[in-house]
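Below is one structure, written out as structure tokens, with a few remarks after it.
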Amino acid sequence: MSTLDLDGRQAVPDTLPALVPETSEPDRRRPAGRSRRPRPTGALLSRAAVNGLLAVAALYTLMPLAWLLIAATKDHGDLFGTGGFTLGAFHLFDNLRAVFTADGGIYGRWLLNSLLYSLVGSLVSTLICVAAGYAFDKYHFAGKDKLFGVVLAGILVPGTVISLPMYLLASEAGLVNTYWAVLIPSLVNPFGVYLARVFSEGYIPNEVLEAARMDGASELKTFRTVSLPMLAPGFMTIFLFSFTGSWNSFYLPLMMLNDQSLYPVGLGIYNWNTVVVNNPEYYSLAITGALVAVLPLIAVFIGLQRFWRSGLTAGAVK
């Protein structure tokens, strides 16, 4: 409330409302009178070229999946009587029922085998990789650089090259045609060790480890309670790489396994595809089975994409 002073003039109130006109300050981000500068033609062309290449890559990637999805909905007659991207009568549920009941329902067994090989093998492999990468980053020991060089050399060796030596070793150990013949080789992942070291350098400051040691924590407890939670994005990234590789593994199970009940789903579908010449009804089984086999990978990527993207970003800036 305003008051009058001794001269009868209106005094200024003690508190004034903080009224700031919206246009009291000029827009300093853009000088007055200057219009937006048009982009150079070269930049627009480069952007259009990049977008065009990305569109072609997306089309190249999605077209086989679209063909697979459409083909899985057709019966045997429409599969060969219509175009690849032409819809026919909808028989998706009939095809799914045929896939899971063919050959005594062995397709469900193949799916469970793939889950076993991929889930168990990837979890153990990722834990080994994270521990090894953490040790290479945080500890000093004799021959550390040479040993890490050997690990990096393992990345350059294709898996198919060492499949035959691994088969001979498994044969000597009596592991051929068992679950261990596929699980044990999947535990070795040199690229995962390299990624784990990169993530350890970026995510775990040495000061945190020194503080844990000063509080009396052992090295194993420090790794389990301090380092491993901080490496969660890297753990999930390596797990996704390992899970995808194990799920799509083909040549190693082909060499190690003879019993169809031990096959992963990829090898089982290949087995169906080899008999389509004499048994054409297996063609639709192989197509629908391939569509079902893709779904777990899509579910894993969608469920873990938050860790996947953060992990790739962290690895890219190191």
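Suppose we filter 298, 269 for residues that are β-branched (Val, Ile, Thr), modelled with pLDDT under 90 and within 16 Å of residue 114 (Cα to Cα); which single one remains?
On the way: 269 fails: modelled with pLDDT under 90.
Of 298, 269, the one residue that is β-branched (Val, Ile, Thr), modelled with pLDDT under 90 and within 16 Å of residue 114 (Cα to Cα) is 298.
Hey, could you check segment 173-200 for residues that are of a type in the set (Phe, Trp, Tyr) and in a helix (DSSP H, G or I) and say which is nearest to residue 260 (Cα to Cα)?
Just the residues of segment 173-200 that are of a type in the set (Phe, Trp, Tyr), to begin with: 179-180, 191, 194, 199.
Still in the running and in a helix (DSSP H, G or I): 180, 191, 194, 199.
Values: 180: 15, 191: 31, 194: 35, 199: 40 Å.
Filtering segment 173-200 for residues that are of a type in the set (Phe, Trp, Tyr) and in a helix (DSSP H, G or I), the one nearest to residue 260 (Cα to Cα) comes out as 180.
Is there a residue in segment 228-240 that is open to solvent by 70 Å² or more (accessible area, probe 1.4 Å) and over 28 Å from residue 299 (Cα atoms)? So that I can check it myself, show each step before the final result.
The first filter runs over segment 228-240 and keeps only residues open to solvent by 70 Å² or more (accessible area, probe 1.4 Å), leaving 229.
Checking the rest, the ones that are also over 28 Å from residue 299 (Cα atoms) come to none.
Checked segment 228-240: no residue is open to solvent by 70 Å² or more (accessible area, probe 1.4 Å) and over 28 Å from residue 299 (Cα atoms).
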**Message:** All but one of (1) under 24 Å from residue 231 (Cα atoms); (2) exposed (fewer than 13 other Cβ atoms within 10 Å of the Cβ) hold for residue 200; state the number of the condition that does not hold.
**Reply:** (2)
**Prompt:** Which one of the conditions (1) part of a helix (DSSP H, G or I); (2) at pLDDT below 90; (3) of a type outside the set (Phe, Trp, Tyr) does residue 216 fail to meet, given that it meets all the rest?
**Reply:** (1)
**Message:** Just the residues that are modelled with pLDDT under 85 and either assigned to a loop (DSSP other than H, G, I, E, B) or hydroxyl-bearing (Ser, Thr, Tyr) (or both), please, taken from segment 41-73.
**Reply:** 41
**Asked** Among the residues of segment 272-295, which ones are open to solvent by 60 Å² or more (accessible area, probe 1.4 Å), modelled with pLDDT under 90 and assigned to a helix (DSSP H, G or I)?
**Response** 273, 281, 283
**Prompt:** Quick check: is even one residue across segment 208-224 touching a residue at least 60 places away in the same chain (Cβ under 8 Å) and closer than 25 Å to residue 248 by Cβ?
**Reply:** no
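Assess whether residue 238 counts as being among the β-branched types (Val, Ile, Thr) and over 15 Å from the mean Cα position of the chain (by Cα). Break it down stepwise before answering.
Details: among the β-branched types (Val, Ile, Thr): yes; over 15 Å from the mean Cα position of the chain (by Cα): no.
No: the conditions fail for residue 238.
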**Fill in**
Conditions (1) open to solvent by 30 Å² or more (accessible area, probe 1.4 Å); (2) farther than 30 Å from residue 297 by Cβ; (3) touching a helix residue (DSSP H, G or I) at 6+ places or on another chain (Cβ under 7 Å) -> residue 222 fails only (1)
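The values are calculated or read from the model by the stated rules, or taken from the named source; none is laboratory data. As the structure is a computational prediction, the values presented were derived from the model and not from experiment. Ideal geometry is used to build each Cβ from the backbone, glycine not excepted, and the neighbour counts take in all protein chains shown. Ligands, DNA and RNA are excluded from the accessible area calculation, which covers all protein heavy atoms including side chains. Shrake-Rupley method; radii C 1.70, N 1.55, O 1.52, S 1.80 Å.
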